[in-house]
Amino acid sequence: MIGRTLTLAACLLALAAPAAAQEWPLQTIHLIIPFGPGGGSDIVGRVLAQAMQEKLGQTVVVENRPGAGGTLGNEAISRAEHDGYTLGIMTAGQIIQAVMLKGLRYDTRTAFDPIAQVATAGLVMVPRADFPARNVKELIAAAKASPGKIVFGSPGFGATQHLAAELFKQTAGVDMLHVPYRTSPEATTALLAGQVDVVFETVSAVLGQVQDGRLRALAVTGKDRFPAVPDVPAAIESGVLPGYDVTTWYGVFAPRGVPPAVIAKLNKTLNQIIADPTVRERLTAAGVIVQGGTPEAFGQMMAGELTRWEAVRKAAGLEQR
């Protein structure tokens, strides 16, 4: 009798799961962006939130929770209910923090459910307005002439922008001084004020200043030119940075344990959203390239990024903090 009761209960649960997924969402969804306003993740997240709200028929509230290179926001997501109502924006920066910091109160490899990658984005090397270097070769020459004197800013120790510059240093064989700030806008403000010599920043974060002439771009960091700035060469085109290729990316994730049917519905929704011409236009204007896919592919990509940036950290001699 007990066995029959347990079997019946299991069948009822199995039937209830798809029904619950079909009904989801029934309440407000919270999208946590683990960085401050104005950066690439914030821009992408807000475009997605508006489109999700229209598509799903429920309010999507964006919450910026900056700090510690995105790990404070990640921690909040890891501790949230795994019901699909708390989501987050994942970037290369948070993956890098997982290899840069010790003592995190979550394990990036096991704490989250990947939902979908939604975009990739190039970074661009941008010097202060009066910096004499006009291209990558001249930047490298200036760095070699004054070891440790050229200052690069970033939105924090272990940010994608920081590690992009560290890989640049390794590839070019130069030494530059790192000055971390809290956010991308703060690093850009320091560049505009002449407090740092160069930044390796997402295209979306400095696109406006490059377009209006307040800043000039030396090169993009990916192996290919970037659509938002087609006249800016890839750094690898300089011929002095063999194999140099750094891009960042954006995706949506959830705390581990969200019902698979809800993950599937979210993935389908996000892929439909980024296929919409209006959304694609907004994302392209923000300086990113739309990139959809499955939860499995996104999870595999994140695992590969963990391996890659751990190798860069070790080569740079950066101790985990």
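The values are calculated or read from the model by the stated rules, or taken from the named source; none is laboratory data. Just so it is clear, the model here is predicted, and its values are computed rather than measured. All Cβ positions, even for glycine, are placed from backbone atoms using ideal geometry, and neighbour counts span all protein chains on display. Quick note on the areas: whole protein, heavy atoms, side chains included, nothing else; ligands and nucleic acids left out. Shrake-Rupley method; radii C 1.70, N 1.55, O 1.52, S 1.80 Å.
Test Leu266 against the stated conditions and say whether it is at pLDDT 95 or above and assigned to a helix (DSSP H, G or I). Let's see the steps before the verdict.
Details: at pLDDT 95 or above: yes; assigned to a helix (DSSP H, G or I): yes.
Yes; evaluated as a whole, the condition is true for this residue.
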**OP:** Just name the residue that is most open to solvent (accessible area, probe 1.4 Å) out of those in the range 277-312 that are β-branched (Val, Ile, Thr) and closer than 30 Å to Gln211 by Cα.
**Re:** Thr278
Original post:
Looking at the range 217-235, which of its residues are out of contact with any Ser or Thr (no Cβ under 6 Å at 6 or more places or on another chain), under 17 Å from Gln161 (Cα atoms) and either open to solvent by less than 10 Å² (accessible area, probe 1.4 Å) or modelled with pLDDT of 95 or more (or both)?
Top reply: Ala217, Leu218, Ala219, Val220, Thr221, Ala234
Original post:
Under the condition of being out of contact with any Ser or Thr (no Cβ under 7 Å at 6 or more places or on another chain), at pLDDT 95 or above and assigned to a loop (DSSP other than H, G, I, E, B), which residue from the range 241-263 is most open to solvent (accessible area, probe 1.4 Å)?
Top reply: Pro259
Subject >> Close pairs (7 angstrom Cβ cut-off, 6 or more residues apart or separate chains): touching a residue at least 12 places away in the same chain (Cβ under 8 Å) and over 16 Å from Arg321 (Cβ atoms) in the range 60-75, open to solvent by 30 Å² or more (accessible area, probe 1.4 Å) and of a type in the set (Val, Ile, Thr) anywhere >> reply: Val61/Thr28
Subject >> Residue ranges of helices (runs of 4 or more DSSP H) in the range 136-215 with at least 3 members open to solvent by 50 Å² or more (accessible area, probe 1.4 Å), over 19 Å from Ile33 (Cβ atoms) and modelled with pLDDT of 95 or more >> reply: 136-145
Original post:
Out of all the residues in the range 17-61, which are buried (at least 17 other Cβ atoms within 10 Å of the Cβ), outside any helix (DSSP H, G or I) and either of a type in the set (Phe, Trp, Tyr) or more than 14 Å from the chain's Cα centre (by Cα) (or both)?
Top reply: Trp24, Pro25, Ile29, His30, Leu31, Phe35, Val60
Original post:
Taking interchain pairs and intrachain pairs at least six residues apart, which have beta carbon atoms under 9 angstrom, with the first residue in the range 29-51 and more than 19 Å from Lys265 (Cα to Cα) and acidic (Asp, Glu) and the second in a strand (DSSP E or B) and open to solvent by 10 Å² or more (accessible area, probe 1.4 Å)?
Top reply: Asp42/Val62; Asp42/Asn64
**OP:** Please work out which one of (1) open to solvent by less than 30 Å² (accessible area, probe 1.4 Å); (2) under 16 Å from Ser184 (Cα atoms) is the condition Thr86 fails and give its number.
**Re:** (2)
